[in-house]
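The values are calculated or read from the model by the stated rules, or taken from the named source; none is laboratory data. Predicted, not measured: the structure shown is a model, and the values here were computed from it. Because the Cβ atoms are built from the backbone with ideal geometry, glycine has one as well, and the counts that use them run over all protein chains shown.
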Amino acid sequence: QSVLTQPPSLSGAPGQRVTISCTGSSSNIGAGYDVHWYQQLPGTAPKLLIYGNANRPSGVPDRFSGSKSGTSASLAITGLQAEDEADYSCQSYDSSLNYWIFGGGTKLTVL
Amino acid sequence: QVQLQESGPGLVKPSETLSLTCAVSGYSISSDYYWGWIRQPPGKGLEWIGSIYHSGFTYYNPSLKSRVTTSVDTSKNQFSLRLSSVTAADTAVYYCARVRGTHPYWYFDLWGRGTLVTVSS
């Protein structure tokens, strides 16, 4: 079981807005450590989507946005497209475990 | 364009040592950055294994630390992972990645394509 909790699956229709949550605790997200998000298309390596809670690397559409509050973080995708169908994982640091942790991943299906 | 490419045996016997190498192109690993290894068991989430600087300084996942060794070969512009005493639980896709950000606010901005390592007799 992952230290960062994500919903296993989520779905949305094209054009809709979806939000993926990442729930942690006082030793990781709640302690102020940054949250980062990765997109993993089927059969491919993870790709950095959001870093430092809300920053997009060059080339990532502004349809993707990240936020953090308290012990949780969220990834929002607006104007959902078929190409957004993928697994999304959050990542942070845990000061009790003393290492970098990932969420279990959320499989997003575009209906 | 910076690229990372993992290589190594796809099949390892139980109790033996898994060895992988990550070749980096388009960037000299001796210039800067930590470099890391992350794995993903089939159908499961990502797990950080460890990270190494070109000087050899390392950070390891405490749950794997007793079995993990990483090294850097700046002459070949590559870094390596060795995981000893493997079991079926070590079956996973192994990724190498570049580490960015200030410790401990690290993230992984570039990834290799990954290589599946199966532990089986």
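Summary table
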quantity: Strands (runs of 3 or more DSSP E) completely within segment B:6-117 that count 2 or more residues being among the small types (Gly, Ala, Ser); calculated: B:18-25, B:47-53, B:92-100
quantity: Residue ID - nearest to residue B:48 (Cα to Cα), chosen from residues in segment A:35-55 that are under 12 Å from the mean Cα position of the chain (by Cα) and outside any strand (DSSP E or B); calculated: A:46
quantity: Qualifying residues in segment B:104-120 (those that are more than 15 Å from the chain's Cα centre (by Cα) and facing another protein chain (nearest Cβ under 9 Å)) - the one nearest to residue B:25 (Cα to Cα); calculated: B:106
quantity: Residue in segment A:22-29 that is closer than 24 Å to residue B:95 by Cα and surrounded by 13 or more Cβ atoms within 10 Å (Cβ to Cβ) present; calculated: yes
quantity: Top-ranked residue in segment A:1-21 [being touching a residue at least 60 places away in the same chain (Cβ under 8 Å) and polar (S, T, N, Q); ranked as surrounded by the most Cβ atoms within 10 Å (Cβ to Cβ)]; calculated: A:6
quantity: Only one of B:60, B:94 that is farther than 19 Å from residue A:39 by Cβ and within 9 Å of chain A (Cβ to nearest Cβ); calculated: B:60
quantity: Selected residue (only one of B:84, B:55 is out of contact with any strand residue (DSSP E or B) (no Cβ under 6 Å at 6 or more places or on another chain), farther than 27 Å from residue A:52 by Cβ and of a type in the set (Ser, Thr, Tyr)); calculated: B:84
quantity: Members of segment A:73-101 found to be among the acidic types (Asp, Glu) and under 22 Å from residue A:24 (Cα atoms), listed by number; calculated: A:87, A:94
quantity: Conditions (1) over 16 Å from residue A:36 (Cα atoms); (2) touching a strand residue (DSSP E or B) at 6+ places or on another chain (Cβ under 8 Å): number failed by residue A:96; calculated: (2)
quantity: Residue count, segment B:1-50 (criterion: in contact with a Ser or Thr (Cβ under 7 Å, 6 or more places away or on another chain), surrounded by fewer than 22 Cβ atoms within 10 Å (Cβ to Cβ) and closer than 14 Å to residue A:102 by Cβ); calculated: 2
quantity: Exclusive hit being more than 9 Å from chain B (Cβ to nearest Cβ), within 22 Å of residue B:39 (Cα to Cα) and either modelled with pLDDT of 95 or more or not in a strand (DSSP E or B) (or both), set A:96, A:67, A:2; calculated: A:96
